[in-house]
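Asker: The structure follows.
The values are calculated or read from the model by the stated rules, or taken from the named source; none is laboratory data. Every value quoted in this text rests on a predicted model; they were computed, and no experiment measured them. Virtual Cβ from ideal backbone geometry, glycine too; neighbours counted across all protein chains shown. To get the accessible areas, we keep the full protein, side chains included, count just its heavy atoms, and leave off ligands, DNA and RNA. Shrake-Rupley method; radii C 1.70, N 1.55, O 1.52, S 1.80 Å.
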Amino acid sequence: MSKRRPKNILLVTGMSGAGKSTVLRTLEDLGWEVVDNLPLLLLNRLLDTPLPEGTESDDDRPMAIGIGARTRGFDGESLVRRIKRLREEHGHDIGMLFLDCAGSELERRYSETRRRHPLAQDRPAHDGIGRERDLLMPLRRWANRLIDTTSLTANELAQQIRQTFSTDGTGQTTISVMSFGFSRGVPRNADLVFDMRFLRNPHWVEELRPGTGHDADVSAYIEEDAAYDAAMTQIESLLLLLLPRYQAEGKAYVTIGFGCTGGRHRSVHVAERMARRLRENGFSPTVTHRDLQTAPQDSLEQQPAAPAIG
């Protein structure tokens with residue numbers, strides 16, 4: 001068993017209804033270790049628990065701990081003292097994010113969701129909001145980060161958390177580029193699918209048929225198609241526009257599929273080209289070729305059009 005090293009810890013607290021759950025979910029998506037509503041008496045035990053063998057790398061993950069007035073044993077002043085001791089005795093880098101929100105907005109949110117305030121189960125939400133604000137005041141004064149969510153939607157709050165806490169590669173979207181054959185079905189997990197069957201098909205050139213999109217002569221044949229350059233340029237531009245947006249929205253995985261009929265020639269070539277372009281622009285896609293090893297079969301390919309009779 002290996003002893004835990006000092007950790008980067010963020011305590012997430014604030015007014016009920018101000019967005020704590022949204023923050024914790026977003027941090028978890030970013031790769032943080034997240035614990036919510038941990039009884040405060042167990043905080044030291046959690047941080048002192050040794051890691052299993054072989055998990056040292058996991059100890060480098062930052063940790064987010066959700067704390068609220070409903071947490072068992074909650075006492076604002078006592079919690080601040082305990083945090084100071086943890087920093088002094090264990091060297092943990094402990095910060096606190098406090099989520100505030102105007103009372104009128106909190107009342108509106110509780111009214112819309114028809115939820116009862118946790119500190120006013122049998123009274124108006126207004127009473128619970130005032131009581132909670134008093135209980136949390138020591139934490140609000142001590143917190144080194146404050147976000148007022150009064151005018152923020154859940155999505156806007158999540159985006160702000162990603163921008164603030166995405167560091168060292170956490171929160172980066174995992175990009176996969178895949179080639180496939182439509183004759184064997186569209187991959188279910190593809191987010192974006194591009195049909196490459198408009199390009200001329202090397203399958204119908206006898207000397208190219210045994211090859212694949214990895215081969216130079218096959219690639220040259222595909223690139224000579226009159227629509228090739230314009231189509232590739234527009235697809236590349238679209239991907240470079242969309243991928244940063246997916247990442248900003250917190251999408252963890254994006255799979256881009258390029259399909260042709262059999263999945264051996266056109267789709268393979270284009271998938272490799274697009275992956276290369278994405279790498280040149282700072283992305284790190286992985287490439288798979290689903291149907292590359294399947295046997296070519298004329299009945300699966302689209303027959304070339306017969307010449308016109310005139």
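Asker: Just checking, which of Leu152, Leu157, Leu146, Leu136 is surrounded by 13 or more Cβ atoms within 10 Å (Cβ to Cβ) and outside any helix (DSSP H, G or I)?
Answerer: Only one candidate passes the filter, namely Leu152.
Asker: Based on what the data block shows, is Ile161 more than 30 Å from Ser267 (Cα to Cα) and not aromatic (Phe, Trp, Tyr)?
Answerer: Criteria met by Ile161.
Asker: Just for the range 167-194: of the residues that are at pLDDT 85 or above and farther than 18 Å from Val254 by Cβ, which one is most open to solvent (accessible area, probe 1.4 Å)?
Answerer: Of everything passing the filter in the range 167-194, Arg184 is most open to solvent (accessible area, probe 1.4 Å).
Asker: Something else now. Can you name the residue in the range 21-39 that is in contact with an Asp or Glu (Cβ under 8 Å, 6 or more places away or on another chain) and open to solvent by less than 40 Å² (accessible area, probe 1.4 Å) and, of all such residues, is modelled with the highest pLDDT?
Answerer: Per the criteria, the residue is Leu24.
Asker: Checking the structure you have, find out if any residue of the range 92-101 is open to solvent by 60 Å² or more (accessible area, probe 1.4 Å) and at negative phi.
Answerer: There is at least one residue in the range 92-101 that is open to solvent by 60 Å² or more (accessible area, probe 1.4 Å) and at negative phi.
Asker: Another question about this same structure. If you check Leu239 against the conditions, is it outside any helix (DSSP H, G or I) and open to solvent by less than 20 Å² (accessible area, probe 1.4 Å)?
Answerer: On the way: outside any helix (DSSP H, G or I): no; open to solvent by less than 20 Å² (accessible area, probe 1.4 Å): yes.
Spelling it out, it is not the case that Leu239 is outside any helix (DSSP H, G or I) and open to solvent by less than 20 Å² (accessible area, probe 1.4 Å).
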